[in-house]
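Q: One structure is given below, represented as structure tokens, and several questions about it will come after.
The values are calculated or read from the model by the stated rules, or taken from the named source; none is laboratory data. As the structure is a prediction and not an experimental result, all values here were calculated from the model. Because the Cβ atoms are built from the backbone with ideal geometry, glycine has one as well, and the counts that use them run over all protein chains shown. To get the accessible areas, we keep the full protein, side chains included, count just its heavy atoms, and leave off ligands, DNA and RNA. Shrake-Rupley method; radii C 1.70, N 1.55, O 1.52, S 1.80 Å.
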Amino acid sequence: MVTPPFSRRTALKNMALGVTAWSTSSWLPALADVASATGKKPKSVILIWLNGGPATIDLWDLKPGNQNGGPFRKIDTKVPGMQISEHLPGLAAQAADFSLIRSMSTREGDHSRARFVSMTGYTPQGAIKFPAFGSLVAHEFNVENDIPSYVHIGGRPAISGGGFLGPQFAPFVVGGRSRRRGPDNADLKVADLAPVSPDQQTERLQLQSELGSLSTMPTSVVTDALNSARDRALRLMNPQAASVFNLEEEQASVREAYGPGSFGQGCLMARRLVERGVSFVEVSLNGWDTHSNNFERVKELSQQLDRGCASLLNDLRERGLLKDTLVVCQGEFGRTPRINGQDGRDHWPASWAMMLAGAGIRGGQVIGETSADGAEIKSKPTRTADLMATIFRGVGLDPRKQNMSNVGRPIRLADPDGTPLEELL
């Protein structure tokens, strides 16, 4: 069977090509409206997601001299008494802007379940469709903007839908590399297609309208999702606003500072997005599932993390954005203090570390402590529920606020068992 030259599939594909070629224009009036109504700039969150479970004992909580410690050295930071990996020198110079939690202690050691808990703050419960906390942040701030309020950069997100909040709060995905790939040094290409002319755009919108008028499909979750995707796509098809995803508008020196790989350029894109009022941006750095050859891989990944994340913090601070942007750097769990027979580390949720910076967070602090071998929490055990409550408080949201779920049960932003870390706020 020969495929007709202008099929429904071709029409939808062409519409999709048009979407990827355009960006936004009405973000500035939207931000002005929000600022006028509230008297302040809305907050944003950037999640640096270390996908696969990073060996935080080799990043934030080193144990040199112990048999579990590995070969990496500690280096001093700008904060007296705070030391981190020798492979994070750029972040060491920014330590006054961030704080470390070295006493994260969670239960889930399976990647899928741990990602779910880390991204939603809840363990799976029957039919409840928990949204990612990026969806929650986007929903609570509810900034009207041509750019989606929740953007994920690099691979596919751990939670792809908007949960019980609806598909309009699902992450908009930029870049499509699998989470299973290791470090990547390719440039991030977001709109690498020929631009669509205004006439072509008008024709496609007319086609979409005609296709919609012929549809007899009843309203359902599927059609709601399709309509939401269409509406978001149309808002992105403004030919006067291609700049937000066009990194070539940045000076070469700025792009170079972030690093040439997709992660570093993703961090730069994150800055551009929050600058335009996007509520939540997620940037994935994949490859942290280091069951073997841990130290070589963590060294390489640390260098990418250091360059991209340190440049992001510096850039946000210099532009006056850090006070309104909360940066979270974590994975789904840590890795075993004990080094296995393949020079690797295995899954370890019992004691691990992460970093927080920016809006609502007091920098230059270390929360919690692990034992000399890294295997146990000695002080201030911190659960995901506590972290979520802290994050929401940091951006000015009440973690006790409730939303109605898809099963008719009110669900708080953060698990009610969570307690914010007041010393960080």
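Q: Condition check: under 20 Å from the mean Cα position of the chain (by Cα), open to solvent by 20 Å² or more (accessible area, probe 1.4 Å) and at pLDDT 70 or above. Does His139 satisfy that?
A: yes
Q: Here's a follow-up. Specify which of the listed residues (Gly418, Gly334, Gly394, Gly364) is farther than 28 Å from Gln125 by Cα, among the small types (Gly, Ala, Ser) and open to solvent by less than 60 Å² (accessible area, probe 1.4 Å).
A: After ruling out the rest, the residue left standing is Gly364.
Q: Which condition number in (1) part of a helix (DSSP H, G or I); (2) open to solvent by less than 30 Å² (accessible area, probe 1.4 Å) is the one that Gln168 fails?
A: (2)
Q: Still on this structure: Restricting to segment 337-351, what's the tally of residues that are small (Gly, Ala, Ser) and either crowded, with 21+ Cβ neighbours inside 10 Å or closer than 19 Å to Arg276 by Cβ (or both)?
A: 1
Q: If we keep just the residues of segment 305-318 that are open to solvent by 10 Å² or more (accessible area, probe 1.4 Å) and in contact with an Asp or Glu (Cβ under 9 Å, 6 or more places away or on another chain), which is nearest to Gly358 (Cα to Cα)?
A: Across segment 305-318, the extreme among qualifying residues is Arg317.
Q: Hey, another quick one. Find all pairs meeting these conditions: Cβ atoms under 6 angstrom apart; at least six residues apart or on different chains; first residue within segment 291-302 and assigned to a helix (DSSP H, G or I); second residue modelled with pLDDT under 95 and not charged (D, E, K, R).
A: Hits for this filter: Glu300/Pro183; Leu301/Pro183.
Q: Taking into account only those residues within segment 60-104 that are in contact with a Pro (Cβ under 7 Å, 6 or more places away or on another chain) and either of a type in the set (A, V, I, L, M) or closer than 18 Å to Gln365 by Cβ (or both), which is surrounded by the most Cβ atoms within 10 Å (Cβ to Cβ)?
A: Ser103
Q: Being closer than 10 Å to Leu100 by Cα and under 17 Å from the mean Cα position of the chain (by Cα), is that true of even one residue in segment 332-341?
A: No, segment 332-341 has no match at all.
Q: For segment 400-414, give me each residue that is open to solvent by less than 40 Å² (accessible area, probe 1.4 Å) and closer than 20 Å to Arg383 by Cα.
A: Ile411, Leu413, Ala414
Q: Report the residue count in segment 255-299 for those that are small (Gly, Ala, Ser), open to solvent by 10 Å² or more (accessible area, probe 1.4 Å) and within 18 Å of Leu321 (Cβ to Cβ).
A: 1
Q: Give segment 287-319 a look and list any residue that's of a type outside the set (Phe, Trp, Tyr), farther than 23 Å from Ser44 by Cβ and within 16 Å of the chain's Cα centre (by Cα), or say none.
A: Within segment 287-319, Gly287 is the sole residue that qualifies.
Q: Spot the failing condition for Leu247; the list is (1) at pLDDT 95 or above; (2) closer than 21 Å to Gly154 by Cβ, and only one is missed.
A: (1)
Q: Could you check segment 307-425 for strands (runs of 3 or more DSSP E) lying wholly inside it with 3 or more residues that are among the aliphatic types (A, V, I, L, M) and in contact with a helix residue (DSSP H, G or I) (Cβ under 7 Å, 6 or more places away or on another chain)?
A: In segment 307-425, 325-330, 352-358 are the strands (runs of 3 or more DSSP E) which contain 3 or more residues that are among the aliphatic types (A, V, I, L, M) and in contact with a helix residue (DSSP H, G or I) (Cβ under 7 Å, 6 or more places away or on another chain).
Q: Keeping to segment 371-391, report how many residues are open to solvent by 10 Å² or more (accessible area, probe 1.4 Å), of a type outside the set (Ser, Thr, Tyr) and over 16 Å from Met119 (Cα atoms).
A: The total comes to 8.
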